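The structure appears right after this line, and notes come after that.
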Amino acid sequence: MRKGTIGKVAKGLYAMWYREVKVFLRERSRLISAIFMPLFWMFIFGQGVGSIVKVQGNYQFFIFPGFLAMTIIFSSLFNGAYLVWDKKVDFLKEVLVSPLSRTTVFFGKAIGGISDALLQAIILMIIGFFLRIPFNPASVVLTLIMLVLLAIGLVSLGLIIGSFMESPEGFGLVASFAVYPMFLLSGALYPLNNLPSWLQVLTHINPATYAVDGLRSIILGTSSMSYAANLGVLIGFDVLLVLAGTWAFNRMKL
Amino acid sequence: MDSIIVKELSKRFGKILAVDKISFSIKKGEIFGLLGPNGAGKSTTLLILATLLKPTSGEALVNGFEVTTDPDKVRESIGIVFQDPSSDELLTGYENLKLHALLYNVELNKIDEKVNNVLRLVDLVKRKNDQVKKYSGGMRRRMELARGLIHEPQILFLDEPTLGLDPQTRAKIWKYIQTMAKKLKMTIILTTHYMEEAESLCDRVAIIDHGKIIALDTPNNLMGKLKGDTVLLRGKNIDVAKIRRLPFVQRIETQGKDIKLTVENSAENLALLLETAGKIECVEVHPPSLNEVFLNYTGREIREENEKGNNW
């Protein structure tokens, strides 16, 4: 690649990231829900279900990694709705008519979405500190790596769905179809080893399962697979979806 | 060199042939208009030239680059202002322009200066730090016009640049477009269904209807090809049948109390016309406008609301 090309691509990616973050911070409702949703889940759901579910140790600790994964799953996948919205308000035209390649546009959008999702997860991690979740510098770094890996694949999936959809409502329907099974079968809320075997099969093809397991191994030291195995599966998932995403953007029509 | 060359370009959407083998070329520095009613194929043509739509067949070169084989190069050469607003409402005018400059690879240390320059050109310096959602329709259009200029494109595309704006704002935007064209020596291609717009802005106009170009020339030549001026007569008891028999009267159209005629050589024939018409309240004589040109080529007026009621 020529030096000029690198500069051009870098500026394009920065432009899209700049917009994504500005808009995110400016829309107060998004910011407020990013802070309060996990709080609701932690305290209301955590307390309620914690009183009936038996897990090793404290249930609030058990679901904390699950909530981190949940935050990433929901905000990453539903980020694709903003792509549909951009189509609707014609902002996407402005981006697609610029000299950037469709592949660069995909990466720009993805980086923006990953930043949003990560920002929300970081807010939750800060809340976690106050709840005495046993974090240390090393586990914070490893947690962030795991979260980014989960976000890359899911933001891509959201953008792929978004690239095919024309209405935000339609997007919501399709994305919900992907997001709920993925969340409920990830082991975020309850241990998976007691599920019937046909559901267990589904949990194994669910990439979120590996993220939840990985997060639990980092934060709580309990897991069913090794950190490396979880990492490997997620990286494979990311590579696949990023490739699919660039393909989807290159064929996307207005 | 021609800035834009279009050869036998067609675009089909399902059963509808939106653009039907059109050909034209635009010289460097020219303001070229695509004039036609809604759905004539103007915007489709523009979107193909901007690489946002793929043509079904035919060829189009923009700044020497083929739109289907070299789309990235084409996009580097052009700026476009869309018919519908395409800026981010939550960002300020300044931020929208900065975003655009980044997308178009403007040198980082020149972005601020260039953004401020175009803001000055469209008189939006004072409002640059307001969110776009607080702008009026005209301000937003001006901001988007400015946006199309930041990266100093060789060719500027304007899709219905004054659609939905009030007459004053429209006149202002025309002024900006003319200033820009002169100052920056850009080639401009615009679509419009306003006759006045094509007449006052464009060096050449292609009249497009049902996906085909039916006439292409300078506004003056197009109007010159029409033999005759428009004469408006107002009166209660005008004898239309008698007027119809005059050899120099081309076309008669009644609109309430008014009668609109196309008259050859009106300077010499007006006296006889008035004599024949009998008692009238007032007379107006206009040189032909593009409206008449359009009427002449298509047999109907460009504005849909006038499509009914033509009784000639």
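Here are a few things to note about the model shown:
This table checks each residue for (1) within 14 Å of chain B (Cβ to nearest Cβ); (2) assigned to a helix (DSSP H, G or I).
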{"residue": "A:Pro99", "(1), (2)": "yes, no"}
{"residue": "A:Thr104", "(1), (2)": "yes, yes"}
{"residue": "A:Gly112", "(1), (2)": "yes, yes"}
{"residue": "A:Phe129", "(1), (2)": "no, yes"}
{"residue": "A:Ser139", "(1), (2)": "no, yes"}
{"residue": "A:Leu159", "(1), (2)": "no, yes"}
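- Considered as a group, the residues in the stretch B:113-124 that are surrounded by 13 or more Cβ atoms within 10 Å (Cβ to Cβ) and charged (D, E, K, R) include one that is nearest to the other protein chains (Cβ to nearest Cβ), and that residue is B:Lys114.
- For the stretch B:88-110, the criterion of a residue being at pLDDT below 90, surrounded by fewer than 21 Cβ atoms within 10 Å (Cβ to Cβ) and either outside the structural domain of B:Ile189 (by TED's automatic domain parsing) or not in a helix (DSSP H, G or I) (or both) is satisfied by no position.
- Residues of the stretch A:26-60 that turn out to be within 14 Å of chain B (Cβ to nearest Cβ) and either surrounded by 13 or more Cβ atoms within 10 Å (Cβ to Cβ) or over 23 Å from the mean Cα position of the chain (by Cα) (or both), as a count: 3
- Tally, over the stretch A:1-25, of residues that are exposed (fewer than 11 other Cβ atoms within 10 Å of the Cβ) and touching a helix residue (DSSP H, G or I) at 6+ places or on another chain (Cβ under 7 Å): 0
- Tally of residues being loosely packed, with under 15 Cβ neighbours inside 10 Å, in contact with a Ser or Thr (Cβ under 7 Å, 6 or more places away or on another chain) and either more than 14 Å from every other protein chain (Cβ to nearest Cβ) or polar (S, T, N, Q) (or both) across the stretch B:57-73: 1
- Where B:Arg127 falls short, out of the listed (1) away from chain A (no Cβ under 12 Å); (2) more than 28 Å from B:Ala206 (Cα to Cα); (3) under 25 Å from the mean Cα position of the chain (by Cα): (3)
- Extreme residue, farthest from the chain's Cα centre (by Cα), among residues of the stretch B:217-235 that are surrounded by fewer than 20 Cβ atoms within 10 Å (Cβ to Cβ), assigned to a strand (DSSP E or B) and touching a residue at least 40 places away in the same chain (Cβ under 8 Å): B:Arg234
- Flag if B:Lys98 is under 22 Å from A:Trp17 (Cα atoms), away from chain A (no Cβ under 11 Å) and either within 24 Å of the chain's Cα centre (by Cα) or without any contact (Cβ under 8 Å) to a residue 40 or more places away in the chain (or both): no
- The strands (runs of 3 or more DSSP E) found wholly in the stretch B:1-69 and carrying at least 3 residues that are over 24 Å from B:Trp174 (Cβ atoms) occupy B:2-13, B:16-27, B:57-62.
- Residue match in the stretch A:205-216 (condition: surrounded by fewer than 18 Cβ atoms within 10 Å (Cβ to Cβ) and within 19 Å of A:Val140 (Cα to Cα)): no
- When A:Ile235 is tested against (1) surrounded by fewer than 15 Cβ atoms within 10 Å (Cβ to Cβ); (2) away from chain B (no Cβ under 14 Å); (3) assigned to a loop (DSSP other than H, G, I, E, B), just one condition goes unmet, and that condition is (3).
The values are calculated or read from the model by the stated rules, or taken from the named source; none is laboratory data. All values derive from a computational prediction rather than experimental measurement. No Cβ is skipped: glycine too gets one built from the backbone with ideal geometry, and neighbour counts run over all protein chains shown.
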